[in-house]
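Student: Structure provided below as structure tokens; questions to follow.
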Amino acid sequence: MKILVMRPSPVGEELVKNLNKIGVPSWHFSLFDFFPSLSAISLSQNINELYTSNVILVFSKNAIYYTNLYFKKNNLQWPSHVKYYAIGKSTANVLYRYIKKKIIFPKKRENSENLLRILYKKVSKKDKIVLLQGENGRKLIEINLKKSGFKVCIVECYKRVLKKINGTIESKKWRLYQINSLVVTSSEILYQLTTIISETDQIEWLFKCKIFVVGRRLSKIAQKLGWKDIVVCRYADNEHLFKIIQNQFLNH
């Protein structure tokens, strides 16, 4: 098994380093660069929304990183009066470093659907909820909360920018490395792979690769796009992904 990890930096490199240590040949490649958001609903334009909210939802470690970067530059602190919710355990662990208080997150399946179920049980319609996320993030929670009459405010703290990639050169290199497995943790990466890689390379190589994805939603997308050998991981943190890959490698 030779693996291409397509997680963003630095978590992608960390996973590759740990896999190589146990003898699983691995490489890292990120399709996106990340920058602070400059949108009309960016953190810099809407910082007061955080301090006037009752609940803050955090969707990724990038959301934490870029929010914290803004706070540092402007000598601000994370609001201490609010209740915090996170999309999963690893995001909650990173957030805890800064806020040192209880963070609620889905314990079984780390996804928007399960976070939404928790919110319906624990959050009042009187509360003002801030969704701290990247530009053009998944809108399932926003749409459903608004539909149910909750007060929701979106604050975008970062944006993804697709790198200029020559798909022909990259796929030639990956095939030369004899890569036969991929680690993908977002739907955007799945879709972009089928855009940048030629149809011939998709048929001859890409869809023949084993693919590790997080959650059933990504599994369904991967299947629809053309992958057959799909391994579904429950959590997006490196520790869990490492265990699943190690198990597959040992039983290969």
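Student: Separation between the residue 98 and residue 122 pseudo-spin-labels, each 7 Å from Cα along Cα→Cβ, expressed in nm?
Tutor: 1.9
Student: Could you tell me which residue out of 86, 124, 171 lies farthest along the dipole of the chain toward its positive end? Charges go on the beta carbon: Lys and Arg +1, Asp and Glu -1, centred on the Cα centre.
Tutor: Going by the charge dipole, the pick is 124.
Student: Amide H neighbours of residue 151 under 5 Å, at least 5 residues apart or on other chains, H built in the peptide plane: list them.
Tutor: 129
Student: Let me ask something else about it. As an exercise, use a Förster radius of 22 Å and the Cβ-Cβ distance of residue 164 and residue 13 to find the FRET efficiency, rounded to the nearest 0.05. Write out the running numbers ahead of the final one.
Tutor: Numbers: r = 21 Å, r/R0 = 0.94.
Calculated transfer efficiency: 0.60.
Student: Quote the charge dipole size of segment 35-161 about the Cα centre in Debye, to the nearest 20; the model charges only the Cβ of Lys and Arg (+1) and of Asp and Glu (-1). It would help to have the intermediate numbers written out before the result.
Tutor: On the way: 25 positive and 7 negative charges, 114 e Å.
Dipole size: approximately 540 debye.
Student: With only Lys, Arg, Asp and Glu charged, each at its Cβ (+1 for the first two, -1 for the last two), find how big the charge dipole of segment 1-93 is about the Cα centre; round to the nearest 20 debye. Let's see the in-between values first.
Tutor: Numbers: 9 positive and 4 negative charges, 57 e Å.
Computed charge dipole of segment 1-93: roughly 280 debye.
Student: Within the set 102/125; 108/147; 122/228; 17/73; 147/220; 83/146, which residue pairs have Cα atoms separated by over 29 Å?
Tutor: On the way: 102/125 21 Å; 108/147 25 Å; 122/228 39 Å; 17/73 31 Å; 147/220 26 Å; 83/146 19 Å.
Cα-Cα > 29 Å for 122/228; 17/73; rest within.
Student: Put +1 on the Cβ of each Lys and Arg and -1 on the Cβ of each Asp and Glu in the chain; which of 9, 63, 114 then has its Cα farthest toward the positive end of the dipole?
Tutor: Going by the Cα projections, it comes out as 114.
Student: Looking at segment 28-121, which trypsin sites (Lys or Arg not before Pro) are DSSP coil and have at most 11 other C-beta atoms within 10 Å of their C-beta? Don't jump to the answer; show the numbers that get you there.
Tutor: Numbers: sites: 61, 72, 73, 83, 89, 97, 100, 101, 102, 107, 108, 109, 117, 121; in loops: 100, 101, 102, 107, 108, 109.
Filter output for segment 28-121: 100, 102, 107, 108.
Student: So, one more: Can you give the charge dipole size of the chain about its Cα centre, rounded to the nearest 20 debye, using +1 on the beta carbon of Lys and Arg and -1 on the beta carbon of Asp and Glu?
Tutor: Numbers: 43 positive and 18 negative charges, 204 e Å.
So the magnitude is around 980 debye.
Student: Rounded to the nearest 5, what % of DSSP beta bridges with both residues in segment 35-161 are antiparallel? Show your work: numbers first, answer last.
Tutor: Working: 2 of 20 bridges.
Restricted to segment 35-161, the bridges split so that about 10 percent are antiparallel.
Student: Compare the Cα positions of 198, 182, 219 along the charge dipole of the chain (+1 at Cβ of Lys, Arg; -1 at Cβ of Asp, Glu; about the Cα centre) and return the one farthest towards the positive end.
Tutor: 219
Student: Using a basic spin-label model with each label point 7 Å from the Cα along Cα→Cβ, how many nm lie between residue 191 and residue 228?
Tutor: 2.7
Student: Here is a further query. Once you wrap a convex hull around the alpha carbon atoms of segment 35-161, what is its projected area averaged over all directions, in nm²? Intermediate results must be reported in sequence, preceding the final value.
Tutor: On the way: hull surface 29.1 nm².
For segment 35-161, the mean projected area of the Cα convex hull comes to 7.3 nm².
Student: Give me the number: length gained by fully extending residue 74 to residue 204, i.e. 0.36 nm times residue separation minus the C-alpha to C-alpha distance, one decimal in nm. Display every interim value, and only then the final one.
Tutor: Working: separation 130, 0.36 × 130 = 46.80 nm, distance 5.12 nm.
Full extension of this stretch gives 41.7 nm more.
Student: I would also like to ask the following. Take every DSSP beta bridge with both residues inside the chain and express the antiparallel ones as a percent of the total, to the nearest 5.
Tutor: Numbers: 5 of 37 bridges.
For the chain, the DSSP antiparallel bridge percentage is about 15.
Where a number appears in this text, it was derived from the coordinates with a stated rule and is not lab data. None of these values were measured; they are calculated from a predicted model. Every residue, glycine among them, receives a Cβ derived from its backbone with ideal geometry; neighbour counts consider all protein chains shown.
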